Amino acid sequence: MSDTKYDPERPKKIVDRKQYSQKIDTSKVDNAGFDEVLTVSDLVFSVEKDLRYGQNPEQAAVRFIQAGLEGASLMTAPVIYTAKKGLSFINYTDANSALRICDLLGDKDTAVVVPVKHSTPSGVGLDYSGDLIKAYEQALKGDQQSIFGCSMAVNKTVDEDFIKALGGLLMEVLVAPKFTEQAIEYVKANKKSSRLVELGEGPISFPRHNIVAVSGGFLMEEFYETRITSPENLEAITETKPTDDHIRAGLVAWKIAGQVKSNAIVLVSPDGTSTYGIGTGQMSRVDSADMAVRKALKSYDGGSLKTLEGAVAASDAFFPFPDAAERLVIPEEGIRGVDAIVYPLGSVKDKDTIAMLNEYGRIGLCTRPEPGTDKIERAFSGHAS
């Protein structure tokens, strides 16, 4: 176990709520009105009419599975334990959001745990030695209340010890490359409401396009794939230069920010193993910054965080004015803000934001997919709803 303040009984104390159960009548939901095959441009989808309902119980919903995809996918992975009910529309969308972040951050050495609620991670945990339980501890620190009722994705084999480490956590769905037989039996005996989806080991396939319904038809766009993948893609634009730790945490923060609904601000711990706070879905970038800071100081590890020193933030787009960046640098009177902010340039007020960062001795890192050019990358997300 790690040398943190993690209390293995805390999940049970906080989120094991018997009164959560909600009876929903889905008997009147009829999925028969959907076509058996959908063709859009050169994309062909077959239909599976096994969803309980859509985003709300009155909405019919089906799964259209894209033909020709190679590798593992959430849509084709077997649900090896369905609990009392199958998966719903929200179960799939939340699980997909968790899986995408897992895939972006994980590798053969790094364990990643991502719990998601309403398509937004409540926290993200990493362990660079590959210990899945330690990664879960880091994810839990980010928000011990919102994690209740989550869908979760992990990138390592789930064994019985990992399931036991979840304590009394109510979890809708757990997606993993593989489950041991002991883990499956433990879930069946002790977490009867949790569904298990086994992806299989190997590359994960995501669609090449997003398709969005609007009045009169559909919009289709290429799927967003970040090109900010290495230290060379983060250009220091301030007088103070980053350390290797700033760069590592910055890459983690940026990859998460690209999967969080805009406007998105993500705060990551100095060692790059945990999200301190996530601000998402606000019309104002200042409000997203406020939300991320408030989550960090009020929710992270039960409210024990007293400084953001060493932390790194990422903003999915530029700062129209320095005010949102300033919230991250000076979150509250007497509390030191983040060391560094990863963000794309592009505002007419860029010089003012950089001047503010220089004034406080902080670090600005611009997202440069092609080092040495004037190209930047932004990561707007969530406009497909």
Residue pairs meeting the criteria (Cβ under 7 Å; at least 6 apart or on separate chains; first without any contact (Cβ under 8 Å) to a residue 40 or more places away in the chain, in the range 219-245; second not in a loop (DSSP other than H, G, I, E, B)): L219/V212; E221/H209; E221/N210; E222/H209; F223/H209; F223/N210; P231/I247
The range 107-149 - residue that is hydroxyl-bearing (S, T, Y) and within 19 Å of Y92 (Cβ to Cβ) and, of those, surrounded by the most Cβ atoms within 10 Å (Cβ to Cβ): S122
Matching residues in the range 203-261 - criterion: being outside any loop (DSSP other than H, G, I, E, B), closer than 16 Å to S97 by Cβ and of a type in the set (D, E, K, R): K255
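Could you tell me whether any residue of the range 201-210 is within 28 Å of V44 (Cβ to Cβ) and without any contact (Cβ under 8 Å) to a residue 12 or more places away in the chain?
Narrowing the range 201-210 to residues within 28 Å of V44 (Cβ to Cβ): 201-210.
With without any contact (Cβ under 8 Å) to a residue 12 or more places away in the chain added as a condition, the list becomes none.
No; the residues of the range 201-210 include none that is within 28 Å of V44 (Cβ to Cβ) and without any contact (Cβ under 8 Å) to a residue 12 or more places away in the chain.
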Hits in the range 223-252 (condition: touching a strand residue (DSSP E or B) at 6+ places or on another chain (Cβ under 6 Å) and of a type in the set (D, E)): E235
Breaking point among (1) over 13 Å from the mean Cα position of the chain (by Cα); (2) closer than 21 Å to D271 by Cβ, for T76: (2)
The range 178-200, subset free of Cβ contacts under 8 Å to residues at least 60 places away in the same chain and either within 22 Å of the chain's Cα centre (by Cα) or not in a helix (DSSP H, G or I) (or both), residue nearest to A111 (Cα to Cα): K178
Selected residue (criterion: nearest to L105 (Cα to Cα)) from residues of the range 145-172 that are assigned to a helix (DSSP H, G or I) and of a type in the set (A, V, I, L, M, F, W, C): F162
Single residue of S205, S151 found to be modelled with pLDDT of 95 or more, of a type outside the set (D, E, K, R) and under 22 Å from the mean Cα position of the chain (by Cα): S151
Out of V338, V342, V329, sole residue that is modelled with pLDDT of 95 or more, touching a Leu at 6+ places or on another chain (Cβ under 8 Å), of a type in the set (A, V, I, L, M, F, W, C) and within 15 Å of A236 (Cα to Cα): V342
Pairs where the first residue, in the range 101-128, is farther than 21 Å from S146 by Cα and the second is hydroxyl-bearing (S, T, Y) and crowded, with 20+ Cβ neighbours inside 10 Å, C-beta under 9 Å, 6+ apart: A111/Y136; D127/Y136; D127/T273; Y128/T273
Of all residues making up the range 291-303, the number that are assigned to a helix (DSSP H, G or I) and either under 19 Å from the mean Cα position of the chain (by Cα) or among the hydroxyl-bearing types (S, T, Y) (or both): 8
Selection status of A111, in contact with an Asp or Glu (Cβ under 7 Å, 6 or more places away or on another chain), more than 30 Å from I278 (Cβ to Cβ) and not β-branched (V, I, T): no
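The values are calculated or read from the model by the stated rules, or taken from the named source; none is laboratory data. Only a predicted model underlies this, so the values are computations on that prediction, with no experimental measurement involved. FYI the Cβ positions are ideal-geometry reconstructions off the backbone, even for glycines, and counts take in every protein chain you see.
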